[in-house]
Structures are given as structure tokens and as C-alpha cells.
1. Do you know which residues across the range 94-106 are over 16 Å from the mean Cα position of the chain (by Cα) and open to solvent by less than 50 Å² (accessible area, probe 1.4 Å)?
2. Pick from the range 398-422 the residues that are among the hydroxyl-bearing types (Ser, Thr, Tyr) and in a strand (DSSP E or B): which of them is surrounded by the fewest Cβ atoms within 10 Å (Cβ to Cβ)?
3. Of (1) near ligand 2 (Cβ under 9 Å from one of its atoms); (2) touching a Lys or Arg at 6+ places or on another chain (Cβ under 9 Å); (3) of a type in the set (Lys, Arg), LYS171 satisfies all except one. Which?
4. Looking at the range 124-134, is at least one residue open to solvent by less than 50 Å² (accessible area, probe 1.4 Å), without any contact (Cβ under 8 Å) to a residue 60 or more places away in the chain, more than 16 Å from ligand 2 (Cβ to nearest atom) and within 16 Å of CYS39 (Cα to Cα)?
5. Do we have ARG180 as touching a helix residue (DSSP H, G or I) at 6+ places or on another chain (Cβ under 7 Å) and either outside the structural domain of GLY330 (by TED's automatic domain parsing) or aromatic (Phe, Trp, Tyr) (or both) here?
6. Any idea which residue in the range 12-31 is modelled with the lowest pLDDT, counting only those that are of a type outside the set (A, V, I, L, M) and surrounded by fewer than 16 Cβ atoms within 10 Å (Cβ to Cβ)?
Amino acid sequence: MNPKYAALTALIAALLLAHPAAAAPGDPDKGEAIYTQRCVGCHGDEGDGMGPGAERLNPPPRDFTMGFYKFRTTGFDDYVPNDADLMRMIRDGMPGTAMPGWGDLLSEAEMWDLIAYLKVFGGLEEEVPTDQVDYGEQVATSAESIAKGKALFKDRCDECHGASGKGVATKRLKDDGGARTWPRNLTKPWTFRASNEPRDIFSRISVGIPGTQMPSFADPKSKKILTIEERWHVANYVHSLAEATQVVRPENTVVKAGRVDGGLPHSPDDPKWAEAEPSTFYLVPQIIARERFFTPSNDTITVRALYDDTAVAILLEWDDRTRSLPGDPGAETVAGPGLSQDAVAVQLPAVIPEGMRKPYFGMGDAAHPVNIWHWQSGPADGVESVRLFDARGFGDLQERPAGESGLRASGVYDAGTWRVVMLRPLSTGAGSDIQFSEGRFTPIAFAAWDGSNGEAGSKHTMTTWYWLLLKPPTGSRPYLAALAVMILIAGAQVWWARGAARRRRDGET
Ligand code: HEC
Ligand code: HEC
């Protein structure tokens, strides 16, 4: 046979073989070996979600013996997922949870083997989905569609996700296993288990999230049913909620404080904050010292700063689904036992280190004390407060009066977001206070507490060290003077170098 045809025939044969293989791939015995190596730590030997790591995870690892999955694109009253749905969760992982993506570590064939094995736990080997999500005709996004979606959202979704979509909690939600769940903050697409593409949002609201209180809006038995077209409008609206300023950009390691005239903003609502550049950082659970903590509810903090001749103001902004007011009956119900105040803290070295050195992790040490500015939201019958501490390591905290250093703070809670301004003079009389200076890279770190999530004391979230820079204004006289000196020096060097070259040429040296 002509070699060209032979190759073509082989290709066609391979394609024909590949197709049925994709529908019934996977060898459960091979899958078991990979499962034992990679998955038991969380999902357990028996596939019941009781691996040794499980108790520290929220949400807990899936119990495969139940046979239901949170991500499905099959009909709302089906319970069997498509193989492709399982493949997607295993390959890409489930953002916002401990479930990692395996696409970089395992081959496609190994992942099919795993799927075949997982089905054995739930008795799903022989099951085939009976129904698929009906996408109808996708409605392209537009201002009009988003407006329609917003109105429907208010009616159907507000009660759990809140008017802002940030998931402001008005009631306690649990999954079918009894574990506490929180409605998703829809302004943070990186926490979606699937994605915030309209098609994924459409399938989520059509199917709901099995095992949780997130309902199906395609179920004709539901009073809240949405038509296909309405679901597209809602999906377009939810997609539009993503907030760009909250995205962590790894290259943003410096909080740049701009210099302002005419007074610093004392309140979080001051329009002057629009002049400040935001930087967003990940908040991670505090797991270094004392009581460790693994199940945080806040994941990022956005920081802005401004300064003038006399003081520096820092605006801290973070989403928190609950305003935690101890003593308030509503807050107590949502929080459950052990409600504490919400809080935030800024940590700075008592002395700015030389050069670009980030000297120590954690809360300083004996040789490198830190200042901690600690704001608390206040109880229902009280007011917010700010406290000042000197720390020399975990557990070694000395409080002194914040007022003596001129430290002030004021916070506002609105629609799922705290915004707190902290303000302090650039220099103070106290030797143990940091003295700020323009143009120097100053280490800075942050911590936050969600009092409705059992966070108090050493149980909290925190960032690593970043930098605060009081940025000399471009065009300002000191800056221009510095620039002029630089140009003079550079010019002098060129002049000297040229002179030296000429002297060499002329044989003078
Ligand atoms: C570090 C812990 C951890 C490891 C290791 C882990 N998982 Fe998971 N997995 C989770 C958690 C937590 C969830 C539940 C997430 C949720 O409920 O949103 C989950 C959920 C799942 C789901 C459910 C998807 C759905 O739509 O509900 C599948 C399937 C899954 N894991 C497969 C695996 C496989 C296969 C492995 C091994 C290759 C593995 N996991 C390893 C933590 C882990
Ligand atoms: C009764 C409460 C409730 C209602 C009503 C509700 N949700 Fe949810 N929603 C939840 C919970 C709880 C979760 C998180 C489930 C989990 O633990 O994974 C969630 C998760 C989501 C997600 C995340 C999907 C992902 O991939 O992670 C989206 C999107 C969403 N909801 C959209 C909506 C929209 C749109 C509506 C209205 C049409 C709505 N929800 C109504 C409780 C609700």
C-alpha cells in the first residue's frame, strides 16, 4: 500500500478506537494504586473523606461513598456526574479548598483510572447520567442583560449571597454532613470551584450545588424557578461582579503612599482615598505560634496609604461576611458559640532596618522589636478601639497608651466589607515607636480576625512582610534637588572619564 494511505488508515483506526475508549476508559485497579499514593491523605482509605488530614480542612474532603458530587453538568434531578465533570475537578482542582489540581502531576490516562476507582466507592460503575443541563441559547452579556440579571438576583439570591454578592450572612448555613458552609463571595471569582464564566455560572444555578444549601433554579417544583433566558441574565450579572482591585498581583509588594496636600483622610469614606494606589495581599492562617488555626474565612486584604508633612494614614479593606458584634442577638445566631470582635492589625519594625532587609518573620524578636497597631470593632453596646503594643516575639506583648503616640483608627462596615483607617504622626516622642521617613522601604505586615469564625487571640489570618514606601512626589523640590545632584554627579563622572581617556591618549598618565 502507498505509505501515505497506510499512515492515513492507521490514523483513522486510532481515531475510531480512541472514541469508544473515551466513553469507557479507566482501569479501577490501576486507579486504586494511584489513589493510595495520592488521595488517601485527605479522602481516606475507605473513600469516606476521613483521611488523616481531613479534620483540619474546611470544607472537608468529599466522602465518595455518598456518590454525589458538587460539580455536575447533568440534569438537576440526576445525581450521576458526567465523566468529564469529574475529570475537570481532578485535573483543575477546586479553588478555595484544599483539593489540588492534578493535571501537572498525573497523566490523562492515570486520571481516567482514578475516576473508574472513585466510582466503585459510590457504586456508580454502571450508572449513566439520564439528563444534561439545557443551556438553550446563550444570551450575550450587555448592560441590558446585566440589569435584568441584577433584578432577578435581588429576588432569588440576596437571601444567601447578600445584595452586594459578597455573601453577607444573615443565617447559618450547613452542608448535608452538618459542616458549616458559607455562601460564596461572588466578587472573588478565584474562589469559585468551577469558574465565573457565564456558562459555568449558568450550570451552577441550573443544577445547584449538591450536598449544600445552594439550590437548583431549573427545578419546576421550585417556586423560585428561573427560565433559561433568565438564568443567562443572572449569569451575566454574577460574572460582572468580579472586583479587579481585590486580585492579588504577586509583583505588588510595596504599598506606595502618595504625598497629599490639604490634610489626610481620617475616615474610610473620604473621597481623597481615590488618589491612593491599592495593593492586595493574601491573608493566610496563622500556623506558627500557639493555638494553630486552619479554617479561615477571610482570604485577602487591600491596603492603601497617604501621607503629608505630619502624619501617615493607612486604609485597610477586607471582605468579611459577618459584622461580629458580641452581645448582638443577630450576630450571635450567625456566629454560633464564641463570638468575638472583628479586628485588624498593622505590624511595623520599631526601627526601620538598613537597606532592603526584611529582618524576621512573625512578631519580631528580642533584638528586633515590632510595633503592633490593633483595631477592634467593638461590642454591640460599646465602641471601636485601637491599641498599641510592642512585641518581641510571640507571646511577648507589652501594651502602652495608643494616644501618647497619636495613633488613631476608625472603621466602617458596609455590605460585607470592613474599611478601617489608621493614622499616626510621622514622628513621635517615644523611643519605642517607629519614626517614618520619606523614600525609605519600611517593612509592613497585616493580620485580621473574623470574630464570627472563632478567630481571637493567636487564631487569625496574616500576611507575610511587604513594604511601605512614603513616595517622594515627582516634581517636588526635594525630589528635583536629588535628581539635580544625581545629574551633576553623572555629568562629573562623564567629564572625568573623558578627561582620563584624553590624558591616556595624550600619554599624560
Ligand atoms: C489535601 C487534601 C486533598 C487531597 C490530597 C485530595 N483531595 Fe480531593 N478534595 C479535597 C477537598 C477538601 C474536597 C472538597 C471540596 C469542596 O467540597 O468544595 C475534595 C473534593 C474532591 C472531589 C469532588 C469533586 C466534586 O465535584 O464534588 C473529587 C472527585 C476529588 N476530590 C478527587 C481527588 C483525587 C482523585 C485525589 C487524588 C489524586 C484527591 N482528590 C486528593 C481535598 C483533597
Ligand atoms: C439558600 C442559600 C442560597 C441561595 C438562595 C443561593 N445560593 Fe448560591 N451558594 C450558596 C452556598 C452555600 C454556596 C457554596 C456551596 C459550597 O459550599 O460549595 C453557593 C455557591 C454559589 C456559587 C459558586 C459556584 C462555584 O463554582 O463555586 C455561585 C456562582 C452561586 N452560588 C450563585 C447563586 C445565584 C446566582 C443564586 C440566585 C439565582 C444563588 N446562588 C442562590 C447558597 C445559596
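The values are calculated or read from the model by the stated rules, or taken from the named source; none is laboratory data. It should be emphasised that the depicted structure is a prediction, and the values quoted were computed from it without experimental measurement. No Cβ is skipped: glycine too gets one built from the backbone with ideal geometry, and neighbour counts run over all protein chains shown. Note: areas computed on protein heavy atoms with side chains; ligands, DNA, RNA excluded. Shrake-Rupley method; radii C 1.70, N 1.55, O 1.52, S 1.80 Å.
1. Across the range 94-106, the qualifying residues are GLY101, TRP102, GLY103, LEU106.
2. Here is the first cut: in the range 398-422, the ones among the hydroxyl-bearing types (Ser, Thr, Tyr) are 405, 410, 413, 417.
Among the residues that remain, those that are also in a strand (DSSP E or B) are: 410, 413, 417.
Working: SER410: 16, TYR413: 18, THR417: 21.
By that ranking, first place goes to SER410.
3. Condition (2) is where LYS171 drops out.
4. no
5. In short, no.
6. Checking each candidate, the answer is PRO20.
Rundown of residues vs (1) open to solvent by 20 Å² or more (accessible area, probe 1.4 Å); (2) in a helix (DSSP H, G or I); (3) within 9 Å of ligand 2 (Cβ to nearest atom); (4) of a type in the set (Lys, Arg), yes/no style:
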site	(1), (2), (3), (4)
LYS221	yes, no, no, yes
LEU226	no, no, yes, no
TRP232	no, yes, no, no
THR245	yes, yes, no, no
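This table checks each residue for (1) outside the structural domain of HIS266 (by TED's automatic domain parsing); (2) open to solvent by 10 Å² or more (accessible area, probe 1.4 Å); (3) in a loop (DSSP other than H, G, I, E, B); (4) within 30 Å of ALA179 (Cβ to Cβ).
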residue	(1), (2), (3), (4)
TRP318	no, no, no, yes
SER324	no, no, yes, yes
THR333	no, yes, no, yes
LEU339	no, yes, yes, yes
VAL344	no, no, no, yes
TRP373	no, no, no, no
ALA380	no, yes, yes, yes
VAL386	no, yes, no, no
